[in-house]
1. Return the equivalent ellipsoid semi-axes of the chain as a descending list in whole Å, where each equals the square root of 5 times an eigenvalue of the C-alpha gyration tensor.
2. Give me the 1.4 Å probe accessible area per residue for the chain, excluding ligands and nucleic acids, in Å².
3. For helix 110-142, report the angle its Cα long axis makes with the longest principal axis of the Cα atoms of the chain; keep it between 0 and 90° and round to the nearest 10°.
4. With a 1.4 Å probe and all protein chains in place, put HIS99, HIS47 in order of accessible area, largest first.
5. What is the percent carbon and sulfur in the accessible area of the chain, measuring with a 1.4 Å probe over the protein chains and ignoring ligands?
6. Suppose only helical runs count, i.e. DSSP H with n ≥ 4. What mean residue ellipticity at 222 nm does that imply for the chain under -39500 (n - 2.57) per run, divided by all residues and rounded to the nearest 500 deg cm²/dmol?
7. With charges only on Cβ, +1 for K and R and -1 for D and E, what is the dipole size of the chain about its Cα centre, in debye, rounded to 20?
Amino acid sequence: MLDTLYSQIGAVLWLGVCAFALLKGDEPERVTAGALVAAWLATLAIHRETVPSGYDSTAVVVMVIDVLLLVFLIIMSWRSDRSWLIWASAFQSIIVLVHVVTLFDLQIRAIAYLSAQAVGSYGLLVCLAIGTFWAWQIREAIRPREDDDSAI
């Protein structure tokens, strides 16, 4: 799964955004980043075992991991006041729907499958990055400054 330069760059970007969320995010961002890394590592671990040689069919185990991540994101968006989680759930639902379509129609073209997976994955990553940035900026804005004389 990490055999091409494109996938290696994507992995570094993915892990970089998740590290940013773990370091600078609030609880929803950190928990979501942890869930994303766990799902990514689980998919990576079983990828060689379960994914058929062609990308035009889907692996049920990978689909289950993506469905569980979607359920997690929906629960997080329901319990949190963060709007980015709703968008992240929408992008994850694209990934799950591609799996479902592939289950019912095995004639989906590989480029369509990979494109939809990429749009969903990078959209989810952008949501996490924006949500983390917002949480970090809000926390910095309300933090009292040492050079602020009005606080005295």
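1. Numbers: eigenvalues 244, 50, 29 Å².
Semi-axes from the Cα gyration tensor: 35, 16, 12 Å.
2. Values: 9350 Å² over 152 residues.
That works out to 61 Å² for each residue.
3. Orientation of helix 110-142: about 10 degrees from the principal axis.
4. On the way: HIS99 5, HIS47 30 Å².
Solvent-accessible surface, decreasing: HIS47, HIS99.
5. Roughly 68 percent, rounded to a whole number.
6. It comes out at -27500 deg cm²/dmol, rounded to the nearest 500.
7. The dipole magnitude comes to about 260 debye.
The values are calculated or read from the model by the stated rules, or taken from the named source; none is laboratory data. All of these numbers come straight from a predicted model, not from anything done at the bench. When we count neighbours, we look across all protein chains shown, and the Cβ atoms used for this are built from the backbone with ideal geometry, even at glycine. Surface accessibility is based on the protein's heavy atoms, side chains included, excluding ligands, DNA and RNA. Shrake-Rupley method; radii C 1.70, N 1.55, O 1.52, S 1.80 Å.
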